[in-house]
Every structure is written in structure tokens, then in C-alpha cells.
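Structure first, then comments.
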Amino acid sequence: MHTNEAALAAAKSHPDRLTAFCGVDPRVTTTNPKRYGHVAGAKGLTEILQRFKAEGARGLGEHKVGLPFDHPQMMQLYEACDLVELPILFHLDDLRGIDTPGLPRLENALKAFPKLPLIGHACGFWSSISGDATNEDFGRYPKPPKPITPGGALDRLMDACPNLYCDLSEPGGAIALTRDPPFARGFVQRRADRLLFGSDYLRPGQQIPQFEILAAMNLPGDVQYKIYRGNAIRLLKLEGR
């Protein structure tokens, strides 16, 4: 794990290779703004995020907090990110960023802040690619092969909410792309404008099966470019880098 300051410093040292996000727990408060430079609530969160953005942060995440996804404190953080114009990369399951089948809590946030990009991953998020996702699926990764039932919450919300994006990283993304290959290839092609390649965290020897999975799909060149680079460049305003 890295502090915000360490991540921002690394990005400044290697601007051609790294782009930093910041992390803020929405439960942070203080009664001593003179010392800490911020106050509680949406106003305080906005001040914190403005400071990180001025230091080079391009987004907030991974947002992984043990509260319901639309808890009032979470919504305050989304409000602050909306004001500061920082997209959010979030984790959603049955313990952190908590939601239930159909993703009603995520839907509340998406519709409350329609200009705020929300980029999702983890087992609760990716299990919702299928219309038969259960509460149990929100706490575990399915074992491929497992057919995807049409009518999943992801397709429904991506139709209704243009601010919803998908992060293909970690086991959730890999499993979503391999549990039902014909469905997954169609999903990737029709949602190509809002899919982002990711590795989750990186460590020595880490396996990243997404490279091989996407290559095996034999996707058109323009779709590959969007997923690997183009969408991130547009979303994080990295043009010219």
C-alpha cells in the first residue's frame, strides 16, 4: 500500500509512465481545521480533493470502503469528486462498497451525479454482468465456465447511465471475460467505449491473464485501442502525454 503523497511523488518522478490517483475515506472528519486544513462533510472532502488534484491526482481510487455504496457519507464523497472533477475507480461487493443484485445502490449514485465517471470492478460488480447474479455471487468469484444470463445489471445501467465504466482488472474482470466467451466478446464490442484495461495492483511475478484473454477475442484494432489506451486518455484527460 502507498500513501497519497508517495503515489503523487512517484507520478511526478515518472510522468511518462505513471498517473496517480488519490484515496480518501469518506468517514474522515476533524474539528481542528486550523491544524489540518479542512473540515468535515462535503466541504472538507472537496478541500482535500482539491489539494490532491493540484498535486497531480487524476482520479480517486481504489475506492474500497466498508459502507453501503449509497451511504450518506459515500454520497458526500461522490459530491466532492463531482465538484473537483475526479473520476472514481471503485470496488463493489458484499463487504466494501456494498450493494445487492440489480445494483440499486450503484444506480442511485450514478443518477445522483450523472457527470461523474464511476469505474467499477470486483466480484459484486462483475457478477452483475449476468441477469441471474445472487447475493452469494457478490462475495465470491464464479468458476468458469458459467453461462451468462442476458439482462444483467451492468448492461441495463450502461444503457441508462453514460457515466458508468468498467475496469477489466483483477480476477473479476478476467472471469467475466472467460465464463461465457461468446457473450463476453459481444459485451466487449458493444461496450468498447467504456471499458478500461487494468492490472489491479502490480507485484513481481504477477499474472495478468487479460492480455491473453483479449488477444484471443481477435478484436478490431479500434476496439483494442479504446480498451488499452484511448478510453483512459479521454477519461483522465491525458491528451498530449
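The numbers here are math on the coordinates, done by the rules we state, and not lab data. Note that the structure is a prediction, hence the values are computed from the model and not measured. Ideal geometry is used to build each Cβ from the backbone, glycine not excepted, and the neighbour counts take in all protein chains shown.
Under the condition of being out of contact with any helix residue (DSSP H, G or I) (no Cβ under 9 Å at 6 or more places or on another chain) and not charged (D, E, K, R), the residues counted in the stretch 115-148 number 1. Among the residues examined, ARG185 does not qualify as charged (D, E, K, R), under 24 Å from ILE88 (Cβ atoms), free of Cβ contacts under 8 Å to residues at least 60 places away in the same chain and surrounded by fewer than 21 Cβ atoms within 10 Å (Cβ to Cβ).
Against the list (1) under 21 Å from GLY23 (Cα atoms); (2) crowded, with 19+ Cβ neighbours inside 10 Å; (3) not aliphatic (A, V, I, L, M), the condition LYS64 fails is (2). So for the stretch 204-223 (the condition being in contact (Cβ under 8 Å) with a residue 60 or more places away in the chain and more than 22 Å from GLY102 (Cβ to Cβ)), does at least one residue qualify? Checked against the condition, which is being in contact (Cβ under 8 Å) with a residue 60 or more places away in the chain and more than 22 Å from GLY102 (Cβ to Cβ), the stretch 204-223 yields no hits at all.
GLY205: in contact with a Gly (Cβ under 8 Å, 6 or more places away or on another chain) and farther than 21 Å from PRO147 by Cα, yes or no? Criteria not met by GLY205. Would you be able to say whether some residue in the stretch 153-175 is more than 19 Å from the chain's Cα centre (by Cα) and hydrophobic (A, V, I, L, M, F, W, C)? No, because not a single residue in the stretch 153-175 is more than 19 Å from the chain's Cα centre (by Cα) and hydrophobic (A, V, I, L, M, F, W, C).
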